1. When all protein chains stay in place, what accessible area (Å², nearest 10, 1.4 Å probe) is found for K92?
2. Amide H of S52 versus every other amide H placed in the peptide plane: which residues, excluding those fewer than 5 positions away on the same chain, fall under 5 Å?
3. For region 47-96, with every protein chain kept in place, what is the accessible area per residue (1.4 Å probe, Å²)?
4. Would you work out what percent of the accessible area of region 154-239, with all protein chains in place, is carbon or sulfur (probe 1.4 Å)?
5. How large is ³J(HN,Hα) for each residue in region 236-242, as worked out from phi by the Karplus curve 6.51 cos²θ - 1.76 cosθ + 1.60 (θ = phi - 60°), to whole Hz, x for Gly and Pro?
6. Rounded to the nearest 20 debye, what is the charge dipole size of region 1-70 about its Cα centre when +1 sits on each Lys and Arg Cβ and -1 on each Asp and Glu Cβ?
7. Roughly what percent of Cα-Cα pairs across region 1-70 reach past 22 Å?
8. Taking 7 Å along the Cα-to-C-beta vector as the label spot, tell me the T67-V49 distance in nanometres, rounded to one decimal.
Amino acid sequence: MTDPIRDEWYPVALVSQLPQGDRDTLLLGEPIRVTLQDGQPMVTASGRVLRSQARYGHVWTSLGSPTRPLFDIPEADQPGRRLVDVGLVRVKCSPLRAVENFLDIAHFPFVHTDILGAEPHTEVGRYDVAIRDEVDEVWATKVQFYQPQAAKSAAGGITTEYMYRVPAPTVSVLYKTCPPRPGEWDVITLFVQPLTETLCEVWPWMALFDDTTPLTDLIHFQQTIFLQDRSILENQQPSLLPLDPGLEIPTRADLTSVAYRRWLKRRGYTYGAQLVAA
């Protein structure tokens, strides 16, 4: 029987940092080492070589035998985009909590005040959510929200359109209005490495149309956003993500979270989750 948790692909290192030395870390509670072997990333655990690949600026690996290929982000190969490795942020929370927080729109005015939201623009309008069976992914579309500083490239407040995509249990991809090119989407992702059920490392990555903002400023802007989230995440109770609908009461703004939790249960993914009331 396959293990849906061990058979997923997970990010474990930045490709650009491997020439500086090996990386010893954890994955699902197991010690692993990421190295360069003949110029290619290699991941080992307990003396065995794990399946691995380099994509989207990161090394991906699995403790098991993935039956699905690593999800595709076509924008990563689109000419003219800047591909930005943001680095990592360690967070004392369930890896699933980190993903769900990324999907939450309602907290923008209160946690990311005067950047991604501001009072009195606090209402989350109606949007569409679906589990797309043909690709086995969660999608939220037609999300709109007023943002004073939607991106580093934005010249002022705009109503930003969002699409959210969850292609894997510990990955979320955000498509949002690109201020310099309104007909295009900026792509901002959250790749989450589950160290344990209550500790994770978050690797944001971006594919942007922005030829003017210095790289350091792009990275600082995104890290600022997630560091604001970290204090919230590390104080959420229960620390594991409840999958029982009766444990937390959702609102209309939480439709994406509801779909995400239902999708996790359907896939049998429980690492970092609370199944029943304590």
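1. Accessible area, nearest 10 Å²: 140 Å².
2. It is none; the list stays empty.
3. In whole numbers, region 47-96 has 46 Å² accessible per residue.
4. 51 percent
5. Running phi through 6.51 cos²θ - 1.76 cosθ + 1.60 with θ = phi - 60° gives 6, 10, x, 5, 7, 7, x Hz.
6. Charge dipole, region 1-70, about its Cα centre: 120 debye, nearest 20.
7. Here the tail beyond 22 Å accounts for 14 percent of pairs.
8. Going from the T67 label point to the V49 one covers 2.6 nm.
The values are calculated or read from the model by the stated rules, or taken from the named source; none is laboratory data. These numbers come from a predicted model, not from an experiment. Backbone-built Cβ (ideal geometry, glycine too); neighbour counts: all protein chains shown. All accessible areas refer to the heavy atoms of the entire protein, side chains included, with ligands and DNA or RNA removed. Shrake-Rupley method; radii C 1.70, N 1.55, O 1.52, S 1.80 Å.
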